[in-house]
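The structure under discussion appears below in the form of structure tokens.
The values are calculated or read from the model by the stated rules, or taken from the named source; none is laboratory data. What you see is a predicted model, and the numbers here were worked out from it, not measured in a lab. Neighbour counts are summed over all protein chains in view; Cβ atoms, including those assigned to glycine, are modelled from backbone coordinates with ideal geometry.
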Amino acid sequence: MGKNKGFFQSLTGGIWRIFLNGLFAILPLTITIGLFVITFRLILDWLRPVRALLANRYPALIDAIPYVEILFIFAIIFLIGSLLRTFFIRSAVHTLEALVIRIPLVRPVYGGIRQLVQAFSLQDKMTFKKVVMIEFPRPGLYSIGFLTSQLPDQIAPQGGRKFFNVFVPTTPNPTSGYFVIVPEQDIIVADLTRQEAMAMIISGGIIQPDRFEPDN
């Protein structure tokens, strides 16, 4: 009886392990597809007023082009990006942002989101010049940071040495962090793009660059 029980437990354990292997194999793909489907449906729900407006004015366009509201919004965003290249429009947007930041309840939310978007933006190349690693918060522990600029010699802690300003973001909210002044010899330049570094910081190290995987 004991042998039969052990055989049954071994059999069920093997079946369970095979099931888990299959589950974990398809889980990343199914979650990715599910997130894309949910996001797509959410976007369509947000753009429902745009679709209704186009249906009233151009009913033939709705029938001819599937999801024409998404193409319409893409065209609007492209137009805004083109207009922002002009000095007048860019100045107007900066003035509007200055007014929005003055609103007490809106200021922290808008400011945090704006900093996060700028961190991932390819246009903001001069904000974070390099991804670096420094010993922080104590010797022997390393943190990912962003080198922002060189500290002027007039305010350097020690004369005759180069110091750099480094921003060390916090996890999982990279819009807050620590500003530290680090001597040049204590800075290690990391082989990471800003986007890769941000993904690691936000995920707490769970998401790492695919190009460093053994298969690659």
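Is one or more of the residues making up segment 195-204 surrounded by 14 or more Cβ atoms within 10 Å (Cβ to Cβ), free of Cβ contacts under 8 Å to residues at least 12 places away in the same chain and outside the structural domain of residue 110 (by TED's automatic domain parsing)? Checked against the condition, which is being surrounded by 14 or more Cβ atoms within 10 Å (Cβ to Cβ), free of Cβ contacts under 8 Å to residues at least 12 places away in the same chain and outside the structural domain of residue 110 (by TED's automatic domain parsing), segment 195-204 yields at least one hit.
Residues of segment 106-139 that are modelled with pLDDT of 75 or more and within 20 Å of residue 191 (Cα to Cα): 129, 130, 131, 132, 133, 134, 135, 136.
For the residues 47, 83, the requirement of being in contact with a helix residue (DSSP H, G or I) (Cβ under 6 Å, 6 or more places away or on another chain) and modelled with pLDDT under 85 singles out 83.
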